[in-house]
Amino acid sequence: MGKSNEGQGIGLAAIGAGVSLVAIGFVSIFLELPSTPPAGSEIVLQAAAPAAAPVAATPEKLVESAPTAAGIAPQEELKDVLEAWRKAWSSRDIAAYLSFYVPEYQGNAGSPDKWQADRKRIIGQTKSIELQFGTPDIQLEGADRALLTFEIDYRSERLQDHGVKQLQLRRSGGRWLIEQEVFTAG
């Protein structure tokens, strides 16, 4: 009887795949990455998982756990953005407050210029603003979009309000900016 070559093709394919992975590893050792990524690009590095049962990772799960270029998880970065927005608003720093919105944001005003003028007038007329936010529910929608939902308590000498705020944010130019805002009184 002759020798069978069955199964050898699979073995050779596995060896070839292993050699390819080793070659990729060596190439990556010598590959020089810039210390800061070019504008408009994003480098996402994922640490190897500890040896455990493999878990199927969806792109959404990778986005949730992948740190940003600054090394901060997106959820933490978004919490920081939300807190900075709250501080700008409550301190009545109109320029800083407006900088958290995409340039084309117009709310219900019909145009960005009208919306900005309305916000400047309303915030400017208020002597003090107290804002308290509940813990945000953060839903990542890919690498550059997020939906934040949280309770808000607003208090000024003119108005007292409580409800739920939803902010749709998108990453633009390396920053998270508000592109849609919805408030539901409650």
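Here are some notes:
- ALA185-ASP118 FRET efficiency (beta carbon distance; Förster radius 25 Å; 0.05 resolution): 0.85
- Residues whose placed amide H lies under 5 Å from that of GLN180, excluding near-sequence neighbours: GLN168
- Restricting the range 112-186 to GluC sites (Glu not before Pro) that sit in a DSSP loop and have at most 16 other Cβ atoms within 10 Å of their own Cβ leaves GLU141, GLU157.
- DSSP-assigned coil residues among trypsin sites (Lys or Arg not before Pro) in the range 126-174, each with at most 16 further Cβ atoms within 10 Å: LYS127, ARG158
- Here the spin labels are modelled as points 7 Å beyond Cα on the Cα-Cβ line, and at ASP137 and ARG155 they lie 2.6 nm apart.
- Across the range 83-123, the convex hull enclosing all Cα atoms gives 63 Å³ per residue.
- Neighbour net charge for GLN106 - beta-carbon separation under 12 angstrom, K R +1, D E -1: -3
- Anisotropy class of the range 83-169 from Cα gyration tensor, a/c 1.5 cut: oblate
We did not get these values from a lab; they are worked out from the coordinates using the rules stated. Note that the coordinates shown come from a computational prediction; the quantities given were computed from them, not determined experimentally. Because the Cβ atoms are built from the backbone with ideal geometry, glycine has one as well, and the counts that use them run over all protein chains shown.
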